[in-house]
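The values are calculated or read from the model by the stated rules, or taken from the named source; none is laboratory data. For clarity, every value in this text was computed on a predicted model and none was experimentally measured. When we count neighbours, we look across all protein chains shown, and the Cβ atoms used for this are built from the backbone with ideal geometry, even at glycine.
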Amino acid sequence: MNNQLKVNPQQFYKDPYSYFSNARKISPMLYTELFQRTGWLVTGYREAEIMLKDPRFIKEATKVTPPEKIPESVMPAIAINRKMMLFRDAPDHTRLRNLVNKAFSPRMVENLRTSVNEIADYLLANMKGKFTHELIHDFSYLLPVFVITDLLGVPKEDRDLFRNWSEAFIKFIDFNTTMEDLELVSKDIIDASNYFRNLISLRRIEPKEDLISNLIIAEEFGDKLSEDEMIASCLLLLIAGHETTVNLITNGYYLLLKHPEQFELLKNDLTLIPSAIEEILRYESPVIFTSRWAREDFEFAGNAIKKGDYFMVSLGGANYDPNVTTNPETFDITRKNIKHLSFSSGPHFCLGAPLARLEGQIAIEKLIRHLVNPVLIEEPTRRKNVAFRGFESLKIQASIQ
Ligand code: HEM
């Protein structure tokens, strides 16, 4: 165990990158404690990338770790999580992912371009006439939520239900969560899954033009998917649509406000939008951690790994590895060949990456075009999540044109 590396939570929420950099200087793979977890902290880009692609690093902890003492009340929520592709290994992972992939093709995403533009215009129109805005509340939270709920076929009047439910899920899987927290948020996860159980049975009787109906059709065409797996897939898509892209948009706009020369550069040449989004993803990834377990004993990057060892794979740390990115602390939207692990790598590579990129590009372009003389009203506060990086709120002044 490495005892040189103490984490100060407040400092970490503010700036996790100094902590990652200190860790990497000791070793790109370091056995340490971090919040409620103990295991290998991986901050080297190459180590992280290889690990994410290597089937010896698995997702299903129950295969390699002794059963934990978990309160009865939390078990149903854990059972739902364990049905999600994000927490499965092959062959179950492959089966679940193929099925969702069929319903969620890049062509389907490209077809969403018009509706993402329309939603962004609608939200900006609602901001007109006001000079002070809370960007998350008014824009960056609503855009991905409208897109994913429409895509799945969640009725508009039910959209608000998911705010608490998806926050509960994030709490459930974060690194600073205690057993008491788990007990508190379990009910929300059960409520959310009951909601989908009901919606799925409605679509079985009367299919519509939506992702849930597509999943039901794909299932009927041969892929075996249990009712609970179907619910878990819907829940995962919905939460991923809630908790990540909002932070891509907000972190991105904040970064541009803090780097006026980059803002001007982008404003004067909007063809830079795709590379600006990649640099935003690298510099302030909405997801800075994922995790894996060792399937067996083996040697990796000069370390003796034991079956059941836990890995805290720091995607945010890897993105700042100076062996891969020159001057990683510089935010530069004109970088060539930007390398980041913000969507992970290997079999669990983010299934929603094309959608997230599309939404991020449209949102940032619209904000740049339509917000006139934007100014930060106050320095925003970071959310107290370890793995998910976003703000509590982002208050700005700007007129809307
Ligand atoms: C900027 C936005 C996003 C980021 C940074 C992000 C990041 C990630 C990461 C890091 C993983 C893999 C974690 C691992 O390897 O353990 C992942 C998986 C996943 N993401 Fe995203 N995501 C984003 C947006 C979305 C959206 C919009 C959707 C869908 C609507 C989505 C759906 C998924 C799904 C279904 C998986 C599981 C894939 C699997 O296990 O095979 N994501 N995402």
Fill in: Answer residue from region 155-186, given it is more than 24 Å from PRO286 (Cα to Cα) and touching a residue at least 40 places away in the same chain (Cβ under 8 Å) and is surrounded by the fewest Cβ atoms within 10 Å (Cβ to Cβ) among those
MET179
Discussion item. Among the residues of region 19-68, what is the count of those that are in a strand (DSSP E or B), more than 15 Å from the ligand (Cβ to nearest atom) and touching a helix residue (DSSP H, G or I) at 6+ places or on another chain (Cβ under 6 Å)?
Written reply: 3
Item to complete: Would you check if PHE162 is closer than 29 Å to PHE289 by Cα, more than 13 Å from the ligand (Cβ to nearest atom) and assigned to a helix (DSSP H, G or I)?
Response: no
Worksheet item: Tell me, which residue of region 316-352 that is at pLDDT 95 or above and small (Gly, Ala, Ser) is farthest from ASN22 (Cα to Cα)?
Response: GLY346
Discussion item. Give me the residue from region 109-118 that is modelled with pLDDT under 85 and away from the ligand (no atom under 11 Å from the Cβ) and, out of that set, surrounded by the fewest Cβ atoms within 10 Å (Cβ to Cβ).
Written reply: ASN111
Discussion item. Against the conditions (1) more than 23 Å from the chain's Cα centre (by Cα); (2) within 23 Å of ASN111 (Cβ to Cβ); (3) at pLDDT below 95, where does LEU225 fall short? Just the number, please.
Written reply: (2)
Worksheet, complete the sentence: Picked from region 243-254 (must be in contact with a helix residue (DSSP H, G or I) (Cβ under 6 Å, 6 or more places away or on another chain) and not hydroxyl-bearing (Ser, Thr, Tyr)), the residue surrounded by the most Cβ atoms within 10 Å (Cβ to Cβ) is ILE249
Worksheet item: Would you say SER73 is under 30 Å from ILE362 (Cβ atoms) and either away from the ligand (no atom under 12 Å from the Cβ) or not aromatic (Phe, Trp, Tyr) (or both)?
Response: no
Worksheet item: Restricting attention to region 76-104, which residues are more than 8 Å from the ligand (Cβ to nearest atom), of a type in the set (D, E, K, R) and surrounded by fewer than 21 Cβ atoms within 10 Å (Cβ to Cβ)?
Response: ARG82, ASP89, ASP92, ARG95, LYS102
Discussion item. Residues that are small (Gly, Ala, Ser) and within 16 Å of the ligand (Cβ to nearest atom), at least 2 per element: which strands (runs of 3 or more DSSP E) completely within region 267-352 meet that?
Written reply: 289-294
Discussion item. Cβ-Cβ distance below 8 Å, separation of 6 or more or different chains: which pairs start in region 2-25 with a residue that is under 12 Å from SER314 (Cβ atoms) and modelled with pLDDT of 95 or more and end on one that is charged (D, E, K, R) and surrounded by fewer than 16 Cβ atoms within 10 Å (Cβ to Cβ)?
Written reply: TYR17/GLU329
